[in-house]
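**Q** Please find one structure pasted underneath; my questions will follow.
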Amino acid sequence: MDRFWSLLFLAVPVLGLLIVLGAVFNVGLHDAWLPESIGPRTKGIDYLFNLFHIIVAVVFVGTGLLLAFSLFRFRATNRKVASYVHKSIWLELLWTIIPAGTLVFLAMHQLPYWQANKEDHRAFEPAGAGSSDLETPTVRVVAYQFGWRFIYPGLDGTFDTRDDVISENLLVLPSHQEIVAELRSMDVIHSFAINKLRLKQDIVPGLSPRIWFMITQNGDWEINCMELCGWGHFRMSARLRTVSPNDFEDWLMDIVQKRGY
Amino acid sequence: MFEKFKSKSLAIPTVSGWIALSALLFVGCGSEPQFRLNAVHKLTLETEFQDGTPIPEQHIQQVGNLLTAFFGTPDQPHFPAGHESLVDLQRLNRAAGSVPSDLSTGRGLYRKHCSHCHGITGDGVGPTAASLNPYPRDFRLGKFKFKSTKMYRPPTDEDIRRVLERGIAGTAMPSFALLPEDQIDALVDYVKYLSIRGQVERALLEELTNLEEGEDLLPPKTDANQEDYEYALELVMELVDPILNKWTNAESKVVPLNGLPDDFQQRMNFYSDAGKLLFFGKANCVQCHGETGIGDGQTENYDDWTNEWLKRANVDPHKREQVQPFLEAGALLPRKIRPRNLRELVFRGGSQPADLYRRVKAGIEGSNMPAAPTLSDSEVWALVAYLIELPYETFFSDE
Amino acid sequence: MKPAESQFENQESSADQRAGFLRRYVFSIDHKVIGLQFLFSALIWLLVGGALAMAIRWQMAWPWTRIPIIGSWLFQSEGGQISPEFYTMLFTMHGTVMIFFVIIPLLLGAFGNYLIPLMIGARDMAFPKLNMLSYWFMWPAFISLLMAFFAPGYGPGAGWTAYPPLATVWEASPGSGWAQTLWLVSLLFVGISSILGSINYIATILFLRAPGLDMFRLPMTIWGLLITAILQALALPVLTVALMMQLMDRHLGTGFFTPDNLIINNFETVGTVGQPLLWQHLFWFYSHPAVYIMILPIMGMVSDILCCFARKPLFGYRPMVYSMCAIAGMGFVVWGHHMFVSGMHPFMGTVFMISTMMIALPSSVKVFNWLATLWGGRIHFTTSMLFSISFVSMFIIGGLSGIVMAANSIDEFVHDTYYIVAHFHYVLFGGTIMGVFAALYFWFPKMFGRMLNETAGKWHFLLTFIFLNGTFFPMHILGWRGFPRRMADPYFSGQFLDLLPLNRMITWCAFAMAAAQLIFIVNFFYSMFWGPRAGKNPWHANTLEWTVSSPPPHDNFEQIPTITRGPYEYSNPEHGEDFWLQVDEPEGTVENGKMSTEDVPER
């Protein structure tokens, strides 16, 4: 029986690794790795995701094998007496310094990506700072229970004027252009998330965080609310449509025309 | 080394426990849901016409049988013969029924997306309904607020589809724009179906109060009373047909967009100023919507869905003991409605000039927003211009 | 000072022994009775929480279909399908029940109470009456949470995190009315109970240790409980205050968390200039340390159990203690990793990312020390040992996915997806609950004087272990596909429809896992009355609780023992047997015969 139990614990790293490899290389498990990417923003995040998983997988398999091996090797049926060992300062140092180095490396290594996604942009606005010298966002996103309102500044390029263009639950954006979006909430906390951009930003009422991204494909995608916002949270999704910049202008003009201007 | 602690095998109690547990899963699987009787309307009629004497149970039974004959059940919808053009039975079948476990869209769309608010019967009292403000729509009155047709006329298919696709901002009605076209089509037809069924039910219930002592709405069919039966059926059809015909003719009752000034777009400010005068003057919008347009004028009214029983049964909404029987029958606690805040950027029935024109011209059925027969077309357009301008106007006080 | 105090308390509890049934078994001030009271309440709530989880899984696998039992009971007229706010109640209550009513009472209330005096050689807790009060403060909590189930809206629906304004504004969701208030009241009582308990544990461990038992001779269990108690005493007041503030926001019209001019469900908030982020900070300032509160005691217990069944001293006792302290200390400065995407300043994100990365270090030190403890041992695969090993194995998975999520760029992607769900279930179920089972199988003989059935126990372990992984491992895949948590119908928009088969598989595994717990229930109650008698020291362990009879007498020790060595003297070549009790007992009292290397090896 002891052998069986050792093998059971051996199955954890082996099967775990096989499942993940199957997902990554599309063997046996189809479409089980990261969702497709529709913009350059995902590049860094996917790279980090893969890197972290490689490192983690090495540790996972290593410790798992070690555990299973010691269970097998040192099972009671196999040994008369256990060794009387209390400590080893060198081992302790070894397994403190190596993980510490790895963790510090990981932390430092991923810093630039966070910075690129969150800070290195002229639209960045620390909470509470004045917003006068910021550029005008491409679109203002207003979240409410349970839907999305997208407000474009219209022809005059400023918000809160009569020619603002309002679109409910449909966000049309030009592709291949950097989009700056300002997020607002009318009621509770929502979260603006585009899965295929690996983008997520909570919208706390009272704050107006900004996000920026670029989409390099034309097509229809989904925007989901990813923060619990009430009973209808699950249906708070909107369509994101990217079109060529010319088509975007046309679409905008079309709405402006219909509104009667 | 720890093997000396031997005890009896526990296989038998464990396995019997498993069997008992799995049996529990099948307990009370219950029957499929049925359409609920419009008990609020029944109570209203009893209070209004019969001083509270209940309508005989057998009459209610007859109404139920007739409805089942006409419209089937939540799982097996029918539609009265001769009106197949109105709804597509295939679409009804897709929207009806329970949600299939493989999530294929073959059936069950209504229960998947709508019934937790609007209820299986379309009575607007699903499990979620009571905590929503405004309440979900009760389809059974056949009244729809945001439509292109005239007052007291059913909406067109396009109107219902539009609400489904866009949702109603400022209410809990979400947008279903992400659903495929054909699923929305199915839901549109099912909403019509529930609404028509509700209207027929109401008409039949009303008819019950006209019956003489001992008379039946539709006597049981036997060889002896063949003639009576057919006569009675004819009478019933006389009640049903007008309702169906109204829906068939909905398309022809669309409010035309008359008199759009040619220079409407160019001279927006001009029309807007004119509209502002009308807002405060002739059209008297200010009375309900308030001087700042935030809807703080007249706030003491109820909508038609509540007035339906409040007024007809003469219930004082502030007296709990009068309201209570209706709540028990399935009504929701009366809640006053506010005139629309016109500064919310978007309007519930659509924000394009054409939408606004129809709201002003034809009013909003079911609410206290009246039609505007006294305003000329160009005056209505001027008001529309002002409504477009209003959200961006700065607050003013003491005009 | 110290002896006088304990003398006084002991007289008090001796009086208890002579009292009637009610005083002895219900309103008892004996730490063992209170521990068992906590144990049974928590196990009952574990069943409730598990049932809630099953309902959640049903909805994920067969959304909007007739749900067994609940459907015909509550939603008959809707065709037996649940409503969305019922689903929000399900996961809100599942989280609340499992964290506040199961894990924390089990670890601190049940094992803490039962083991601390026994393992440190004390007759009872330092403050027995406070101890009783701490249990009875749980009852208002139980009752108000039960009432919350029956409040309008089917129960609270703001998640166990109760983020305002969803939780503070009555109109915000069906469950934001009385249900939310009752939820807050319930948690307040749990908090008070835990604060009382933790003060008691700290005082007991620091002042009532038997002579000779200095701090570095304490078993790891006691270290875990001590550090946890300190964590709780420091962090819980913050949560308690935050709960009070939310209650005041809801009932007294204050505005700590609710911003001005919101229009929620056509209700306008006026004149409350609050900040929802403040709640998140206060809440996670407690609830992140709470994660360590939920794992540290188990780490201690598992260390003891591993040593006992590997017949080998704990490898690196001091590093183990120090790493526990490090986890606890750093646990206070990592809460912001729950808020990477909340709109907090990105620089704060960087700070919390670094601290979160670094907290993985002491955890990894612990894992390596456990592995080294097993290395070179003589491993007996008892049920308790199997659960302990699986704790290590599962904790590795949970810990490693924690490192992935600590990277804030990655977290932006996996935040609020099933990756998070997989992570914390690996830590809390794969880790804590498996550890709880290990501890139950280990100390059950001490608690009830009888052994649990090993065969049934191994079946229980095998099935739980397989289906635990079948349930939670695929959730990683769901997570990196972006599958969102907390949604009544994630398939609504069609984006995740291809993940339905995987969710079904998970649900089947979850059901099987739940069914496997029946083995334990049967075993537990059968063995409590008819299991073989255990004797004083069935496992041949070293610590003090094994020197007294099972179950221990009222005041635990006839004479307060004098401790002569540390708790991990297994297989010491200087001693004839492979275990060496912490006290030198008088000749001829070691009960279960001799343990020696000539023992017939296990099959």
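**Q** Need the list of lysines near A:Lys80 for cross-linking: C-alpha distance under 18 angstrom, and skip anything on the same chain fewer than eight residues off.
**A** Straight-line reach from A:Lys80, under 18 Å: C:Lys312, C:Lys594.
**Q** Take chain A, connect every pair of alpha-carbon atoms lying under 10 Å apart with a spring to form a Gaussian network, then pick out the residue of A:Leu197, A:Leu91, A:Leu103 with the largest mean-square fluctuation.
**A** Result for chain A, Cα springs under 10 Å: A:Leu91 fluctuates most.
**Q** Then there's this: Working from Cα positions, state the angle (0 to 90°, nearest 10) between the long axis of helix C:500-530 and the longest principal axis of chain C.
**A** Once rounded, one gets 40 degrees.
**Q** Then there's this: Between B:Glu84 and B:Asp182, what is the FRET efficiency for a Förster distance of 30 Å, r being their Cβ-Cβ separation, to the nearest 0.05?
**A** With R0 = 30 Å, the Cβ-Cβ based efficiency is 0.95.
**Q** Next question. Taking 7 Å along the Cα-to-C-beta vector as the label spot, tell me the B:Glu32-A:Lys80 distance in nanometres, rounded to one decimal.
**A** Rounded to a tenth, the inter-label distance reads 7.6 nm.
**Q** A further question on this structure: Count neighbours as other Cβ atoms within 10 Å of each site's Cβ, and list the chymotrypsin sites (Phe, Trp or Tyr not before Pro) in the stretch A:1-55 that are DSSP loop with at most 15 such neighbours.
**A** Working: sites: A:Phe4, A:Trp5, A:Phe9, A:Phe25, A:Trp33, A:Tyr47, A:Phe49, A:Phe52; in loops: A:Phe25, A:Trp33.
The qualifying sites are A:Phe25.
**Q** Separate question: Please report B:Glu213, B:Glu238 as a ranked list, fewest other C-beta atoms within 10 angstrom at the top and most at the bottom.
**A** Least crowded to most crowded, the residues run B:Glu213, B:Glu238.
**Q** Name the residues of the stretch B:335-364 whose amide N is less than 13 Å from a point 7 angstrom out from the Cα of A:Lys258 along the C-beta direction?
**A** B:350-356
**Q** Once you sort the root eigenvalues of the Cα gyration tensor of the stretch B:220-359 as a ≥ b ≥ c, which label holds: rounded (a/c under 1.5), prolate (a/b larger than b/c) or oblate (the other case)?
**A** oblate
**Q** If you don't mind, another one. I need the shape label for the stretch C:330-531. Rule: rounded when a/c is under 1.5, else prolate if a/b > b/c, else oblate, with a, b, c from the alpha carbon gyration tensor.
**A** oblate
**Q** Rounded to the nearest 20 Debye, what is the dipole magnitude of chain C about its Cα centre when Lys and Arg each give +1 and Asp and Glu each give -1 at the C-beta?
**A** 520
**Q** Once you order the gyration tensor axes a ≥ b ≥ c over the Cα atoms, which shape class does the protein assembly as shown get: rounded for a/c under 1.5, otherwise prolate or oblate by comparing a/b with b/c?
**A** In terms of gyration-tensor shape, prolate.
**Q** Looking only at A:Glu119, A:Glu222, A:Glu135, which one moves most when chain A is put into a Gaussian network model with springs between Cα atoms under 10 Å?
**A** Evaluated over chain A, the most mobile residue of the options is A:Glu135.
**Q** Right, something else. Can you tell me the FRET efficiency between C:His251 and A:Leu155 if r is taken as the Cβ-Cβ distance and R0 is 41 Å, rounded to the nearest 0.05?
**A** After rounding, the FRET efficiency stands at 0.25.
**Q** Let me ask something else about it. Dividing the alpha-carbon radius of gyration of the stretch A:216-261 by 2.2 N^0.38 Å (N being the number of residues), what value is obtained?
**A** That works out to 1.58 for the stretch A:216-261.
**Q** Quick one: if the Förster radius is 45 Å, what FRET efficiency do A:Phe105 and A:His176 give, using the C-beta to C-beta distance and rounding to 0.05? Intermediate values should be presented prior to the final figure.
**A** Numbers: r = 35 Å, r/R0 = 0.77.
After rounding to 0.05, the efficiency reads 0.80.
**Q** Just add up the charged neighbours of C:Trp223: K/R +1, D/E -1, any other residue whose Cβ is under 15 Å from the Cβ of C:Trp223.
**A** Net charge around C:Trp223: +2.
**Q** Counting DSSP beta bridges in the protein assembly as shown, what percent are antiparallel, to the nearest 5?
**A** Looking only at bridges with both residues in the protein assembly as shown, the antiparallel portion is about 75 percent.
**Q** Compute the helix-to-body angle for C:296-310: its Cα long axis versus the longest principal axis of chain C, expressed 0 to 90° and rounded to tens.
**A** It works out to around 40 degrees.
**Q** Greater than 19 Å separation of Cα atoms is the criterion. Which listed pairs, B:Lys192/B:Lys311; B:Lys282/B:Lys361; B:Lys42/B:Lys336, meet it?
**A** B:Lys192/B:Lys311; B:Lys42/B:Lys336
**Q** Here is a follow-up. Given contacts defined as C-alpha pairs under 8 Å and at least six residues apart, what's the relative contact order of chain C, whole-number percent?
**A** That works out to 15 percent.
**Q** Still on this structure, please answer the following. Evaluate the distance, in nm, between pseudo-label points positioned 7 Å from the Cα of C:Leu47 and of B:Thr68 along their respective Cα→Cβ axes.
**A** The two pseudo-label positions are separated by 4.1 nm.
**Q** A further question on this structure: Mind telling me which of A:Val59, A:Val139, A:Val165 comes out most flexible in a GNM of chain A, alpha-carbon contacts under 10 Å?
**A** Among A:Val59, A:Val139, A:Val165, the largest GNM mean-square fluctuation belongs to A:Val59.
**Q** Which of the aspartates and glutamates could a cross-linker span from A:Lys258 if the Cα-Cα distance has to be under 13 Å and same-chain partners fewer than 8 positions apart are dropped?
**A** The qualifying aspartates and glutamates are A:Asp163, A:Asp164, A:Asp250, B:Asp355.
**Q** From the cross-link list B:Lys6/C:Lys446; B:Lys246/B:Lys276; B:Lys143/B:Lys319; A:Lys200/C:Lys366, which pairs have alpha carbons spaced over 25 Å apart?
**A** Cα-Cα > 25 Å for B:Lys246/B:Lys276; B:Lys143/B:Lys319; A:Lys200/C:Lys366; rest within.
**Q** Place +1 on the Cβ of every Lys and Arg and -1 on the Cβ of every Asp and Glu in the stretch C:330-531, take the dipole about the Cα centre, and give the residue among C:Met357, C:Phe472, C:Met344 whose Cα lies farthest towards its positive end.
**A** Looking along the dipole axis, the top candidate is C:Phe472.
**Q** Can you tell me the 0 to 90 degree angle between the C-alpha axis of helix A:2-24 and the longest principal axis of chain A, rounded to 10?
**A** 30
**Q** A further question follows. Need one number: nm distance between label points at A:Lys43 and B:His318, each 7 Å from Cα along Cα→Cβ, rounded to one decimal.
**A** 7.0
**Q** Could you give the DSSP H helices of chain B that reach 24 angstrom or more along their long axis (alpha carbon positions) and whose average Kyte-Doolittle hydropathy is no lower than -0.5?
**A** The answer, listed by residue number, is B:181-208, B:226-248.
Any read-out appearing in this document is the output of simple, stated calculations on the displayed coordinates, not a laboratory observation. Note that the structure is predicted; figures quoted are calculated from it, not measured. In this analysis, Cβ positions are derived from the backbone assuming ideal geometry, glycine residues included, and neighbour counts consider all displayed protein chains.
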